[in-house]
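Peer 1: Questions regarding the structure given below will be posed in turn.
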Amino acid sequence: MATASGKYKRTNTNGMQHQPLDVAIVGGGLVGSLLALHLGKKGHEVNLYEYREDIRTAELVIGRSINLALSARGRRALAEVGLEEALLDHGIPMSGRMLHDVHGNRKIVPYDANTNQCIYSVGRKHLNEVLLNAAEKFPNIHLHFNHKLVSANLDEGNLSMVDPQTKEVKNARADLIVGCDGAYSAVRKEIVKRPRYDFSQTYIEHGYLELCIPPNANGEFAMPHNYLHIWPRGQFMMIALPNQDRTWTVTLFMPFTQFHSITDQEKLLEFFRQYFPDAIELIGRERLIKDFFKTKPQSLVMIKCRPYHVGSKSLIIGDAAHAMVPFYGQGMNAGFEDCSVLTELFNKYGNDLTRILPEFSEQRWEDAHAICDLAMYNYIEVKMRLCYDMRDLVTKRSYLLRKKLDELLFWLLPNTWVPLYNSVSFSHMRYSKCIANRAWQDKILTRVLYGASFASIAGIGALCYRHVTMGHLERLSSAILSTFQLLKSSASV
């Protein structure tokens, strides 16, 4: 049904008619381009503003990508705009981690030994291109590159942008401004100026640097390609994700002090011979030297803030609202899930932004903070003790023991006992609920292990009382308690 303005009213899933909104999305990366599809599909007039040039025609910038692991939450958001299968066809399934020790030995740790679910390695540039190509097919989605936001009146829906090349200033007005412009969001900078706004920014001591493993002499993958490869080394680690062209995107994480201590190629080769000897042959000596010194290590930051909206005109989602360190593989997936949640609220309330935006903030902040915390806790063990440092986590006996316990209980009670990684990566359970569920599991295991340990001590003591000395009993009790401590620590991994 046409209105006086020439726009067509749309009917949402509740049967309510509404006039399409003029939406300005700031940021044409992964989350911004996906949100454009979600809102464009609903009939809204969408203008997508990106400060960089069109990534589809730009030269690929090496060194800042951190390959992406697509899991259930991201897949659902892509399915809602009809792109899941296309991305899965391109992506490379990874069924688990393959761990490399300092001697070159490898160990496989499946993500899901019971149902064999997997995550998918996808290239950031390819995914962004697919989303932009799909958006461009909608007559009501308009793409604007080289548009850098310099100021905005978020209460009125006004934006002022400048072309970084020509310096031409351009103004726009929208019914809704959505900031999808990343961890250093220009939209969020406008929100932070407002009184009583909660905002925190945390940099970690580690940075990252990207390397590359080329195909082998036969043009094939140099390692088994259906795994996320990890070289855990305590204070630092290296990971590798497979690409469609048979290369591997390798990311080295370590403290900036360590990066700065490697000042020449001899120190670099000495460092790799000590900690990553098998990687030298995989990467190639000359390529390792070239790639390592070609770019500077990049920072890793966690952003937490709330609320995500300003009145009924402005909203931030994705990394602009909740940037996280990349140690749980959920940054992109959480941003994509934002799109799904926002779409659900549009379905629920039509175009009533006075209800949609506050409910999005209230519903989403707790889950966003939860996954930010979980990613940080997976980086280093801290006060909540939900999980060990991922850098060493996957080699700890307590971690492996807990994983076996989780797999057994998940097999026995699939609807009751869902391991933390499964609930985060292979379900749509709210992130905050995932952590609460894990805390409940820890409580159950701790009680069971306490009971089992003391029952064992009492039972063995009764059987051996007449046949062993007190010293024997003390040593036996000590051994059982040590085993219990290991089991107990696994309950908090």
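The values are calculated or read from the model by the stated rules, or taken from the named source; none is laboratory data. What you are looking at is a predicted structure, and each value in this text was computed from that prediction instead of being measured. Every residue, glycine among them, receives a Cβ derived from its backbone with ideal geometry; neighbour counts consider all protein chains shown. Ligands, DNA and RNA are stripped out before the accessible areas are found, and what is left, the full protein with its side chains, is counted by its heavy atoms. Shrake-Rupley method; radii C 1.70, N 1.55, O 1.52, S 1.80 Å.
Peer 1: In region 413-445, what count of residues is obtained for those that are closer than 25 Å to SER121 by Cα and open to solvent by less than 20 Å² (accessible area, probe 1.4 Å)?
Peer 2: 8
Peer 1: Now, a different point. For the structure I just gave you, tell me whether ALA320 is within 29 Å of LEU70 (Cβ to Cβ) and outside any strand (DSSP E or B). Explain how you work it out, then say what you get.
Peer 2: Numbers: within 29 Å of LEU70 (Cβ to Cβ): yes; outside any strand (DSSP E or B): yes.
Yes; evaluated as a whole, the condition is true for this residue.
Peer 1: Does GLY329 satisfy the criteria of being of a type outside the set (A, V, I, L, M), outside any helix (DSSP H, G or I) and either in contact with a His (Cβ under 9 Å, 6 or more places away or on another chain) or on the phi > 0 side of the Ramachandran plot (or both)? Spell out the reasoning first.
Peer 2: On the way: of a type outside the set (A, V, I, L, M): yes; outside any helix (DSSP H, G or I): yes; either in contact with a His (Cβ under 9 Å, 6 or more places away or on another chain) or on the phi > 0 side of the Ramachandran plot (or both): yes.
Taking the combined requirement at face value, the residue satisfies it.
Peer 1: Another one. Working only within region 324-340, note down all residues that are of a type in the set (A, V, I, L, M, F, W, C) and open to solvent by less than 10 Å² (accessible area, probe 1.4 Å).
Peer 2: As a first pass, look at region 324-340 and keep what is of a type in the set (A, V, I, L, M, F, W, C): 324-325, 327, 332, 334, 336, 339.
VAL325, PHE327, ALA334, PHE336, CYS339, listed by residue number.
Residues checked against (1) touching a strand residue (DSSP E or B) at 6+ places or on another chain (Cβ under 7 Å); (2) of a type in the set (A, V, I, L, M, F, W, C); (3) without any contact (Cβ under 8 Å) to a residue 40 or more places away in the chain:
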| site | (1), (2), (3) |
| --- | --- |
| MET161 | yes, yes, no |
| LYS167 | no, no, yes |
| ARG173 | yes, no, no |
| VAL178 | yes, yes, no |
| ALA186 | yes, yes, no |
| PRO195 | no, no, yes |
| GLU205 | yes, no, no |
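Peer 1: Further question: Looking at region 199-249 only, could you name the residues that are under 19 Å from ASN105 (Cβ atoms) and of a type in the set (Val, Ile, Thr)?
Peer 2: Those that are under 19 Å from ASN105 (Cβ atoms) and of a type in the set (Val, Ile, Thr): ILE213, ILE230, ILE239.
Peer 1: Going by the conditions given, is LYS313 modelled with pLDDT under 95 and either charged (D, E, K, R) or more than 28 Å from LEU241 (Cβ to Cβ) (or both)?
Peer 2: Values: modelled with pLDDT under 95: no; either charged (D, E, K, R) or more than 28 Å from LEU241 (Cβ to Cβ) (or both): yes.
No; evaluated as a whole, the condition is false for this residue.
Peer 1: Which condition from (1) surrounded by 17 or more Cβ atoms within 10 Å (Cβ to Cβ); (2) part of a strand (DSSP E or B) is the one that ASN128 breaks?
Peer 2: Answer for ASN128: the failing condition is (2).
Peer 1: Where residues in region 153-171 are in contact with a Ser or Thr (Cβ under 7 Å, 6 or more places away or on another chain) and open to solvent by less than 50 Å² (accessible area, probe 1.4 Å), which of them is farthest from TYR49 (Cα to Cα)?
Peer 2: Of region 153-171, the ones in contact with a Ser or Thr (Cβ under 7 Å, 6 or more places away or on another chain) are 154, 160, 169, 171.
Next cut, open to solvent by less than 50 Å² (accessible area, probe 1.4 Å) only: 154, 160.
Working: LEU154: 16, SER160: 11 Å.
The selected residue is LEU154.
Peer 1: Condition (residue is at pLDDT 95 or above, surrounded by fewer than 15 Cβ atoms within 10 Å (Cβ to Cβ) and in contact with a strand residue (DSSP E or B) (Cβ under 6 Å, 6 or more places away or on another chain)) applied to region 144-152: is it met by at least one residue? So that I can check it myself, show each step before the final result.
Peer 2: In the first step, residues of region 144-152 are kept if they are at pLDDT 95 or above; the result is 144-152.
Narrowing the set further to residues that are surrounded by fewer than 15 Cβ atoms within 10 Å (Cβ to Cβ) leaves 150-151.
Adding the requirement that they be in contact with a strand residue (DSSP E or B) (Cβ under 6 Å, 6 or more places away or on another chain) leaves 150-151.
Yes: one or more hits.
Peer 1: Would you mind telling me which numbered condition in (1) under 30 Å from GLY157 (Cβ atoms); (2) of a type in the set (Gly, Ala, Ser); (3) open to solvent by 30 Å² or more (accessible area, probe 1.4 Å) SER299 fails?
Peer 2: Among (1) under 30 Å from GLY157 (Cβ atoms); (2) of a type in the set (Gly, Ala, Ser); (3) open to solvent by 30 Å² or more (accessible area, probe 1.4 Å), the lone unmet condition for SER299 is (1).
Peer 1: Please state which of the following conditions ARG233 fails to meet, knowing it meets all the rest: (1) at pLDDT 95 or above; (2) under 24 Å from the mean Cα position of the chain (by Cα); (3) within 24 Å of MET254 (Cβ to Cβ).
Peer 2: Checking ARG233 against (1) at pLDDT 95 or above; (2) under 24 Å from the mean Cα position of the chain (by Cα); (3) within 24 Å of MET254 (Cβ to Cβ), the one that fails is (1).
Peer 1: Are any of the residues in region 172-189 open to solvent by less than 40 Å² (accessible area, probe 1.4 Å), in a strand (DSSP E or B) and farther than 10 Å from ILE316 by Cβ?
Peer 2: Yes.
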